[in-house]
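See structure below.
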Amino acid sequence: MRKFIILSVFLCSSLVLAKDPFSAYVSSTSISEGDSLTLTLELEGKASGEPDLSELEEKFDILSQSTSSESTFINGKFSRKNKWILEIQPQSSAHTIKIPSIKLGSYKTQAIEITQSEEKNSKSENGFSLVATTNSDKVYVNGEIILDVELKTSLPLQDGDLGTPEIKDAIVEPLVENDNRKSIQNGMRTLIFHRSYAIYPSKPGKLEIPSIPFRGIVADPNTRRGWFAHNRRVSTRSKAITIDVKDVPPSYPKDQVFLPLKNLLVIESFDSQDPKFEVNKATTRRFEIKALGGLASFLPVIEAPTQPGLKVYTETGLKVNKNTPDGVEASLKFSHVYMPTAPGAIIIPEQTIFWWDSENDKLRKTTIRSLTFQVEGRGTPESTTVTPSLNSEKNSQAIQSQSPQAKVQKNNDGWMIFALLSFGLWFVSILLFYMNYRKKNKKIIQAGPSKIKILVNEIVAAAKSGDVRKSYTLLQNLKTSEHAAFFEARQSGNIELFIEELEALLYGSNKEQEVKEILQRIISHLTKLLKNNEEAKQSLSQIYPE
């Protein structure tokens, strides 16, 4: 009997000693989508370091974190317990999600599986709702999808942060950003926060719009102590949305840029209602392309016609994106300047812009009308001005009556005045150029070349790897950075052009060779810019010492 009792005590002691000193438990294993839960990590004994939460942060947002410890003496024996209390929220809307094992030194907790209810679009707690919706569940590649995000709360909100959508393989344009208002709903005062975005997918397939989080602080009247109420943290998350992105329809012309739009309009005009076309006289024909449901960088430029007896010059266009609640209104303005070189009839053929009606799912085309006009006049301006004076008998006699010496003197006086004016303009230009050069190169010395070099090297590395989107993003950052003055001083006007070309690459039907050529130009330009910067820094540092 005594042996049995000793054996039992030994086994019980072994079970107690076998207990893992580091454990984890949660407040609930079943939550509604968007809810948060409390995860407690408990260590028996002295803590040496902090738990490793890196794996946990890959699947959960840590909303708050606190620690506690307690020490006890029982029958003369000392014991210590440490706790880490975390409020966490799943990043995924999956039905089943696992809290990973967490390490603390040589200790390791068991993984915990929890489930989420999919009955509601979003839910954090009573008094809060966050809903994300789109105007359609399918769209063509390069087409526009509108995302609306609306947060409602009847709680006394003190502070909050509503996230923005970050979507891979798509460009996101904000449409409505600060639509905040108050409303009375069901007899309760409700705060409404509305955001709207235009999304343009660049690849066919499934486009995942991730859930959008909200975190805030509200005053909790139920925890009032004396005259003051405590604040508490709240959080919620919208439901993720999947969009079906369709490829270019087979009926769309293969040699045309795919333009999925809600509407497209071309407006043309002249400076006068009835323009007169004359030899060597410029006449401007103005164009404006307006589109709803696309970006200005998507719009095509009408090509300048090639006709005998006519020179045509294209003036650089102006691209504008106007954000509205119904989508982006894009416009492209440019002009053709007609310069006839010979008299006669000239016919400019019509041109056609193909686009896809995304609302009616049909191929559309907009025609630029043909133009026929009669050119008047003869010869060039030089022959036109000289010939009448030579053929006029009175003018001929007047010229012959003048002595050669008088004519030479008149010509010399004219050239002398012209030379003096030219020299004065040249001197003023040189002076202004020197002052501007000195001012800008001072900025180069002060611009922090080491930081500029880092920025430019990142763009070059992205371009060498063939990453068009990263190159586009870095160039945008560089354009708006504090070092933008450096690139102006180095006459780097190509930066803006590169941004437009990369934007067109992201949403156009481009061949692989075209992509490589544009990226190679960026690499060559920026590499040369870095080299020139180093040379300028060495020479100018002597002129402008710090």
Selection within the range 321-350 - farther than 23 Å from residue 173 by Cβ, of a type outside the set (A, V, I, L, M), assigned to a strand (DSSP E or B) and touching a residue at least 40 places away in the same chain (Cβ under 8 Å): 335, 336, 338, 340
Odd one out for residue 239, checked against (1) within 27 Å of residue 212 (Cα to Cα); (2) of a type in the set (Lys, Arg); (3) modelled with pLDDT of 90 or more: (3)
Flag for residue 297 being modelled with pLDDT under 90 and under 19 Å from residue 324 (Cβ atoms): yes
Meets criteria (of a type outside the set (S, T, N, Q), farther than 19 Å from residue 363 by Cβ, surrounded by 13 or more Cβ atoms within 10 Å (Cβ to Cβ) and more than 24 Å from the chain's Cα centre (by Cα)) for residue 303: no
Residue 76 being farther than 28 Å from residue 213 by Cβ and either hydroxyl-bearing (Ser, Thr, Tyr) or at pLDDT 80 or above (or both): no
Top-ranked residue in the range 494-510 [being modelled with pLDDT under 75 and under 15 Å from residue 456 (Cα atoms); ranked as surrounded by the fewest Cβ atoms within 10 Å (Cβ to Cβ)]: 496
Condition met for residue 182 (part of a strand (DSSP E or B), at pLDDT 85 or above and either open to solvent by 50 Å² or more (accessible area, probe 1.4 Å) or over 30 Å from residue 361 (Cα atoms) (or both)): no
Count - residues of the range 237-274 that are open to solvent by less than 50 Å² (accessible area, probe 1.4 Å), under 26 Å from the mean Cα position of the chain (by Cα) and more than 30 Å from residue 94 (Cβ to Cβ): 6
Failed item, numbered, when residue 200 is tested on (1) open to solvent by 20 Å² or more (accessible area, probe 1.4 Å); (2) among the hydroxyl-bearing types (Ser, Thr, Tyr); (3) at pLDDT 90 or above: (1)
Residue match in the range 163-171 (condition: surrounded by 15 or more Cβ atoms within 10 Å (Cβ to Cβ) and modelled with pLDDT of 90 or more): yes
Failed criterion for residue 516 (all others in (1) open to solvent by 80 Å² or more (accessible area, probe 1.4 Å); (2) in a loop (DSSP other than H, G, I, E, B); (3) at pLDDT 60 or above hold): (2)
When residues of the range 275-286 are limited to those that are without any contact (Cβ under 8 Å) to a residue 60 or more places away in the chain and open to solvent by less than 40 Å² (accessible area, probe 1.4 Å), the one farthest from the chain's Cα centre (by Cα): 283
Unmet criterion (only one of (1) out of contact with any Gly (no Cβ under 7 Å at 6 or more places or on another chain); (2) at pLDDT below 85; (3) surrounded by 14 or more Cβ atoms within 10 Å (Cβ to Cβ)) for residue 194: (2)
Answer residue from the range 469-488, given it is open to solvent by less than 20 Å² (accessible area, probe 1.4 Å) and of a type in the set (A, V, I, L, M) and is modelled with the highest pLDDT among those: 475
In the range 27-44, residue farthest from residue 116 (Cα to Cα) [restricted to those that are open to solvent by 10 Å² or more (accessible area, probe 1.4 Å) and more than 39 Å from the chain's Cα centre (by Cα)]: 44
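The values are calculated or read from the model by the stated rules, or taken from the named source; none is laboratory data. As the structure is a computational prediction, the values presented were derived from the model and not from experiment. Here Cβ is always computed from backbone atoms with ideal geometry, including for glycine, and neighbour counts include all displayed protein chains. Remember, those area values only see protein heavy atoms, side chains included, never the ligands or the DNA or RNA. Shrake-Rupley method; radii C 1.70, N 1.55, O 1.52, S 1.80 Å.
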